[in-house]
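Below is one structure; the comments refer to it alone.
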Amino acid sequence: WQGAAYFELARLACRDKRLEEALKLTRRSLNRNASHRQARHLRTALLRRLGRKEDALRETDRALKLEPMEFGALWERYLLNGDDDFERCARDDAQPYLEISLDYAHAGLWEESVNLLERAARQGFRGREEGGIVHQGQGLQRSVRAHAPHRAELPGRRIERGENPVLITHETVK
């Protein structure tokens, strides 16, 4: 239970933009449960946001050793270096997009969450049950973004394949 508690505290710290503290809490969570998928994914996202690309890539390596189909790690590798394994592994399944988007949203990483749902919407899920869920998720995320107290932090910029996304650091979020 301690690993889960530290993970939830990390999410709360991340929502409050206390990224360094959140990073320390993810370490404590992983010390209690090294296979906590969401804690490792949050840790990777925090390292990326803090501009620590090499550390973030090492974290994705650890995650993928534990689970080769770890979608959070696969998506972070895409954000870090354009690796397309996420879409190859997800194929035409909307579920990985939705789950990872929710992980980002629960930690207050709205830009990542919205961008992933927008990408999912472009993957051809329209007209299918998954497409409806993706579009409902997009609507919810847009609504939250429109009413967020830190709207300026959420430009809604899409991340395109092969693009080298700008690393968002703690300093640029202030």
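For GLU59, indicate whether it is out of contact with any Phe, Trp or Tyr (no Cβ under 7 Å at 6 or more places or on another chain) and over 20 Å from GLU20 (Cβ atoms). No: the conditions fail for GLU59. Annotation: of all residues in the range 43-69 being open to solvent by less than 10 Å² (accessible area, probe 1.4 Å) and under 11 Å from the mean Cα position of the chain (by Cα), the one that is nearest to ARG122 (Cα to Cα) is ALA45.
For the range 21-39, the set of residues classified as part of a helix (DSSP H, G or I), open to solvent by 20 Å² or more (accessible area, probe 1.4 Å) and within 21 Å of ARG77 (Cα to Cα) consists of ARG27, ARG37, GLN38, listed by residue number.
Against the test of being within 25 Å of GLY3 (Cα to Cα) and either within 16 Å of the chain's Cα centre (by Cα) or in contact (Cβ under 8 Å) with a residue 12 or more places away in the chain (or both), the options ALA22, ALA94, ALA90, ALA120 yield a single qualifying residue, ALA22.
The residues in the range 70-112 that are under 24 Å from ARG11 (Cα atoms), open to solvent by less than 30 Å² (accessible area, probe 1.4 Å) and in a helix (DSSP H, G or I) can be counted, and the count is 19.
When the range 1-20 is filtered for residues that are small (Gly, Ala, Ser) and buried (at least 20 other Cβ atoms within 10 Å of the Cβ), the ones remaining, listed by number, are ALA10, ALA13.
The values are calculated or read from the model by the stated rules, or taken from the named source; none is laboratory data. Bear in mind the structure is a predicted one, so any value in this text is a computation, not a measurement. Here Cβ is always computed from backbone atoms with ideal geometry, including for glycine, and neighbour counts include all displayed protein chains. When the accessible area is computed, the model is the full protein with side chains, heavy atoms only, and any ligands, DNA or RNA have been set aside. Shrake-Rupley method; radii C 1.70, N 1.55, O 1.52, S 1.80 Å.
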